[in-house]
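All remarks here apply to the structure that follows.
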Amino acid sequence: MLASNTLILIMDSKVAKFYSSKGNRVQDLLKSVKAEKWWKILLQKGRDNFFHKMGVSSHFFDPRHEAKENKRKSFSLEISRGLKSILKFYPTECIVVFADPKMLGDLRKTLDPKFKAFIYKEVSKDLTHCTLQEISGHLKNI
């Protein structure tokens with residue numbers, strides 16, 4: 001059973017939305033955060049480092065990180081900061097997080113330990129394009 005004041009966090013690698021909820025009913029959009037535009041420019045440019053030139057297949061010595069991973073990690077840091085600011089003015093008893101597994105993992109790594117105690121449930125679903133009624137339907141299953 002969800003608490004009376006629940007914060008719903010719905011995110012993917014490009015957008016994060018914070019909703020207020022009373023029990024199983026989603027009420028208002030508190031804040032929406034979009035990924036920075038400069039990451040899009042970096043992704044369009046492609047990789048160009050010492051071992052890898054654009055248009056050439058990857059090699060054994062190439063770094064194991066990609067621009068998308070860096071984008072996801074920096075966006076999860078931005079989401080953590082946004083969550084900290086939301087919790088200052090919205091008193092919540094628990095947080096429910098909807099995201100894909102990679103974003104959930106990055107959020108777990110970047111989230112402040114005192115906020116981890118608020119997380120009630122993590123669900124591996126992308127609901128960023130859903131309406132409030134569809135989100136409320138998914139909350140009934142929790």
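The values are calculated or read from the model by the stated rules, or taken from the named source; none is laboratory data. Keep in mind that this is a model prediction, so the values were computed, not measured. Cβ placement follows ideal geometry from the backbone for every residue including glycine, while neighbour counts extend to all protein chains displayed.
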Exercise. Within the bounds of segment 36-46, is there any residue that is within 19 Å of the chain's Cα centre (by Cα), crowded, with 17+ Cβ neighbours inside 10 Å and modelled with pLDDT of 80 or more?
Worked result: no
For segment 1-21, pairs from a residue that is under 18 Å from residue 101 (Cβ atoms) to a residue that is of a type in the set (Asp, Glu), with Cβ under 6 Å and 6 or more apart or across chains, are 12/126
How many residues of segment 83-142 are within 14 Å of the chain's Cα centre (by Cα), within 15 Å of residue 15 (Cα to Cα) and hydrophobic (A, V, I, L, M, F, W, C)? The answer is 8
By my count, helices (runs of 4 or more DSSP H) wholly in segment 54-142 with at least 2 residues that are under 15 Å from residue 16 (Cβ atoms) and modelled with pLDDT under 85 are 67-89
